[in-house]
Amino acid sequence: MDTVDIQRANQLAIPIPSSNGLYFPFKIFHTFQLNFIRYIEDAKMVAQGFTVDLNKPLVCQVGHLGESYEEWVHQPIVSKEGPRFFESDFWESLTLTKWWAIPTIWLPVVCWCISRSVQRGHTLPEIMLMVIVGIFIWTLVEYTLHRFLFHIKTKSYWGNTIHYLLHGCHHKHPMDSLRLVFPPAATAILCFPFYNLVSIFATPSTTPALFGGGLLGYVMYDVTHYYLHHGQPSSNVPKNLKRYHLNHHFRIQDMGFGITSSFWDKVFGTLPPQKAAQQRR
């Protein structure tokens with residue numbers, strides 16, 4: 001590890017939980033034997049005879065890791081500089097997204113959806129209720145996707161490759177600022193089945209506002225997620241939320257799936273042990 005890497009890691013000052021509930025910066029990380037971050041001098045990692053070269057596009061490589069992929073992907077590299085995914089500049093560009101693109105693109109769509117329900121005769125209180133319900137439903141979708149899809153265990157070539165694109169890349173490079181939010185092109189594709197799903201359970205006049213509320217919940221989620229990784233909160237609520245999420249990345253990666261809140265972790269029993277003990281007091 002060179003001096004620049006050490007300085008960058010210390011500047012990030014990622015809070016690392018210890019057994020007594022205190023949080024410490026990266027520079028004494030190894031004291032607690034967590035060993036989740038591995039810097040390697042030659043930018044290579046070997047697993048089951050296959051070498052992943054971090055200086056080459058990764059997407060076509062990670063599938064070859066087989067059963068070792070699960071261990072490899074959960075050994076984070078803390079750097080704001082992300083890896084290259086594809087040889088093609090076009091495909092590579094589709095994986096890079098500035099955080100502000102999410103509200104810029106999707107908030108107008110949210111307003112348009114809500115306006116459609118207004119035009120169909122719903123009152124302001126009814127619209128507000130539908131939007132709130134949509135946001136609440138999104139929090140469950142957020143939790144479900146994160147727990148059961150984004151953390152699915154894979155070992156096949158295509159399973160590893162797809163998982164890396166969906167979420168594995170975020171756990172491997174958690175501070176990559178251009179791959180923290182979901183690419184708008186992928187979101188646009190997913191909007192159609194989600195809208196049709198809402199329409200099955202709602203009326204034609206309530207579907208747009210409910211979907212708009214869910215889409216607003218998604219925007220809040222993605223912006224919050226970015227802030228938890230790159231923001232410097234000063235008040236207790238965002239501080240605790242940041243600590244809670246980074247605990248998921250660097251300490252207990254199979255618990256603490258909530259991003260915008262820990263509500264569904266409490267409901268489904270996936271609170272990290274330390275947090276669960278505090279809740280029982």
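Based on this model, can you work out whether SER156 counts as within 12 Å of PHE211 (Cβ to Cβ) and of a type outside the set (D, E, K, R)? When the stated conditions are applied, SER156 does not pass them. If the condition is being buried (at least 22 other Cβ atoms within 10 Å of the Cβ) and either of a type in the set (Asp, Glu) or within 16 Å of HIS146 (Cβ to Cβ) (or both), then the range 210-220 contributes GLY214, GLY217, TYR218.
Take the conditions without any contact (Cβ under 8 Å) to a residue 24 or more places away in the chain and either of a type outside the set (Lys, Arg) or in contact with a strand residue (DSSP E or B) (Cβ under 6 Å, 6 or more places away or on another chain) (or both) and apply them to ILE162. Does it pass?
Numbers: without any contact (Cβ under 8 Å) to a residue 24 or more places away in the chain: yes; either of a type outside the set (Lys, Arg) or in contact with a strand residue (DSSP E or B) (Cβ under 6 Å, 6 or more places away or on another chain) (or both): yes.
So ILE162 fits the description; yes.
Based on this model, can you work out whether TYR143 counts as touching a helix residue (DSSP H, G or I) at 6+ places or on another chain (Cβ under 8 Å), under 22 Å from THR51 (Cβ atoms) and part of a helix (DSSP H, G or I)? So TYR143 fails the test.
Of the helices (runs of 4 or more DSSP H) lying entirely inside the range 23-117, those carrying at least 2 residues that are of a type in the set (D, E, K, R) and at pLDDT below 95 are 69-73.
Here LYS155 passes the criteria (1) more than 18 Å from GLU92 (Cβ to Cβ); (2) modelled with pLDDT of 95 or more except the one numbered (2).
Condition check: modelled with pLDDT of 95 or more, open to solvent by 70 Å² or more (accessible area, probe 1.4 Å) and of a type in the set (A, V, I, L, M, F, W, C). Does LEU145 satisfy that? Judged against the criteria, LEU145 is not a match. Screening the range 239-266 for residues that are of a type in the set (S, T, N, Q) and part of a helix (DSSP H, G or I) and picking the one that is least open to solvent (accessible area, probe 1.4 Å) gives ASN247. Filtering the range 229-238 to residues that are out of contact with any Phe, Trp or Tyr (no Cβ under 9 Å at 6 or more places or on another chain) and in a helix (DSSP H, G or I) leaves HIS229, ASN236, VAL237. Which one is surrounded by the most Cβ atoms within 10 Å (Cβ to Cβ) among residues in the range 93-114 that are under 26 Å from PRO204 (Cα atoms) and among the β-branched types (Val, Ile, Thr)? Selected residue: ILE114.
Taken together, TYR164, TYR226, TYR218 contain a single residue that is in a helix (DSSP H, G or I) and more than 26 Å from LEU54 (Cα to Cα), which is TYR218. Against the numbered list (1) touching a residue at least 12 places away in the same chain (Cβ under 8 Å); (2) of a type in the set (S, T, N, Q); (3) open to solvent by 30 Å² or more (accessible area, probe 1.4 Å); (4) in a helix (DSSP H, G or I), ASN196 comes up short only at (1). Going through the range 221-260 one residue at a time, which ones are under 28 Å from ASN196 (Cα atoms) and either out of contact with any Pro (no Cβ under 9 Å at 6 or more places or on another chain) or without any contact (Cβ under 8 Å) to a residue 24 or more places away in the chain (or both)? Hits for the range 221-260 are TYR221, HIS225, PHE257, GLY258, ILE259, THR260. For the range 72-92, filtering for residues that are of a type outside the set (D, E, K, R) and open to solvent by 70 Å² or more (accessible area, probe 1.4 Å) leaves 2.
Checked against (1) without any contact (Cβ under 8 Å) to a residue 40 or more places away in the chain; (2) among the hydroxyl-bearing types (Ser, Thr, Tyr); (3) closer than 20 Å to PHE136 by Cα; (4) in a helix (DSSP H, G or I), THR203 passes all but a single condition, namely (4). Mind checking which residues of the range 225-238 are under 10 Å from TRP99 (Cα atoms) and open to solvent by less than 40 Å² (accessible area, probe 1.4 Å)? The one that is under 10 Å from TRP99 (Cα atoms) and open to solvent by less than 40 Å² (accessible area, probe 1.4 Å): HIS225. Within the option set THR207, THR203, being surrounded by fewer than 17 Cβ atoms within 10 Å (Cβ to Cβ), of a type in the set (Val, Ile, Thr), at pLDDT 95 or above and out of contact with any strand residue (DSSP E or B) (no Cβ under 7 Å at 6 or more places or on another chain) holds for one residue only, THR203.
The values are calculated or read from the model by the stated rules, or taken from the named source; none is laboratory data. Predicted, not measured: the structure shown is a model, and the values here were computed from it. Note that each Cβ is placed from the backbone with ideal geometry, even for glycine, and that neighbours are counted across all protein chains shown. Note: accessible area is taken over every heavy atom of the protein model, side chains too, but ligands, DNA and RNA are not part of it. Shrake-Rupley method; radii C 1.70, N 1.55, O 1.52, S 1.80 Å.
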